[in-house]
1. Of the numbered conditions (1) open to solvent by less than 10 Å² (accessible area, probe 1.4 Å); (2) modelled with pLDDT of 75 or more; (3) not basic (Lys, Arg), ASN176 fails exactly one; give the number of that condition.
2. Across segment 11-28, which residue is surrounded by the fewest Cβ atoms within 10 Å (Cβ to Cβ) among those that are outside any helix (DSSP H, G or I) and among the β-branched types (Val, Ile, Thr)?
3. Taking GLU72 as the residue in question, decide whether it is of a type in the set (D, E, K, R), surrounded by 14 or more Cβ atoms within 10 Å (Cβ to Cβ) and not in a strand (DSSP E or B).
4. Looking at GLU50, GLU72, GLU85, GLU61, can you tell me which residue is closer than 22 Å to PRO32 by Cβ, at pLDDT 95 or above and not β-branched (Val, Ile, Thr)?
5. Just to be sure, is PHE133 more than 18 Å from the chain's Cα centre (by Cα), open to solvent by less than 30 Å² (accessible area, probe 1.4 Å) and within 19 Å of LEU27 (Cβ to Cβ)?
6. For segment 1-29, what are the residues that are at pLDDT below 90 and either touching a strand residue (DSSP E or B) at 6+ places or on another chain (Cβ under 9 Å) or within 15 Å of ILE223 (Cβ to Cβ) (or both)?
7. Enumerate the pairs (first residue in segment 81-93 and over 21 Å from MET128 (Cβ atoms); second residue anywhere and among the polar types (S, T, N, Q)) with beta-carbon separation below 9 Å, excluding pairs fewer than 6 apart on the same chain, so at least 6 apart or on different chains.
8. For residues that are under 22 Å from ASP207 (Cα atoms) and in contact with a Phe, Trp or Tyr (Cβ under 7 Å, 6 or more places away or on another chain), tally how many sit in segment 9-53.
Amino acid sequence: MTDVVPTGVDGLDEILNGGIVDNATVLVSGNPGTGKSILGMQYLYTGVTEYDEPGIYISFEENADDIRTAAESIGFDRFGELVDEGEIKIYDKRDMLSDGDFTATMDRLLEDFSAEEYDRLVLDSLTMFQLFFDDEREKRTYLLKFSDILKQYGLTSLLINEQGAVFPDTEIGLENFLTDGNIYVIQTPTDSGVNRYVWVAKMRKQDIDTDIFPMEISDGGLIVHDKASGFSMMGGDGGTGASGGPSF
């Protein structure tokens, strides 16, 4: 039986038959406002509070104070406390962009990976990570290297990826093929706001449910519902709305 790491998201772990394969690297893609960063925060927060698994949050876009504030605003009340205690380690945009060089940045990360034992990692976002590199070949090479490093240190990782297209099959990049799994979070406009959905398109070594499921953002994070398929992607009838709620 394959060992899995629960995401801590109600409904998503059922789709995944328990969680993400241990030591896997999983791509989480979606357009802005779909809840990708919330998923990452929830994955780390529940990792510590429910499973005693410390984690790392790497952000190229936010500073540490903003990350803490965002996490606490969605209901992860102890997030800042866990950061202070070292259970969640944040590398913010100042840490990640100070060197301006991928090798130097990775050297600093590896020192901490070696000194402390972490189980989970979130990279937010892969889009900004790739700005270190000049061409697709270099991006592919270093993404593979980075993925290998994460596995070497026993990290089960979510790589958050900004996607311009609403529908995932219209915009598939190289990174989709270089990771162990692909999770898409999708939002579609309605007359009353937006409907949100999650689709697990691929997960190596696992039997998964590949239907598209309604999702909402609530106080306490993401919730995925078990009503699959029977909805209109562009309609507003019967969706699990979340037109109100934080947008990250």
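The values are calculated or read from the model by the stated rules, or taken from the named source; none is laboratory data. Because the structure is a prediction, the values reported are computed rather than measured. Here the Cβ positions follow ideal geometry from the backbone for every residue, glycine too, while neighbour counts run over all protein chains shown. The area values use the complete protein model at the heavy-atom level, side chains included, leaving out ligands, DNA and RNA. Shrake-Rupley method; radii C 1.70, N 1.55, O 1.52, S 1.80 Å.
1. It fails just one condition, (2).
2. First, pick out the residues of segment 11-28 that are outside any helix (DSSP H, G or I): 11, 16-28.
Narrowing further to those that are among the β-branched types (Val, Ile, Thr): 20-21, 25-26, 28.
Numbers: ILE20: 26, VAL21: 20, THR25: 25, VAL26: 23, VAL28: 29.
This residue is VAL21.
3. yes
4. Criteria check complete, one pass: GLU72.
5. yes
6. Listed by number, the list holds a single entry, THR2.
7. Close Cβ pairs satisfying both conditions: LEU82/THR49; GLU87/THR49.
8. Within segment 9-53, residues that are under 22 Å from ASP207 (Cα atoms) and in contact with a Phe, Trp or Tyr (Cβ under 7 Å, 6 or more places away or on another chain) number 3.
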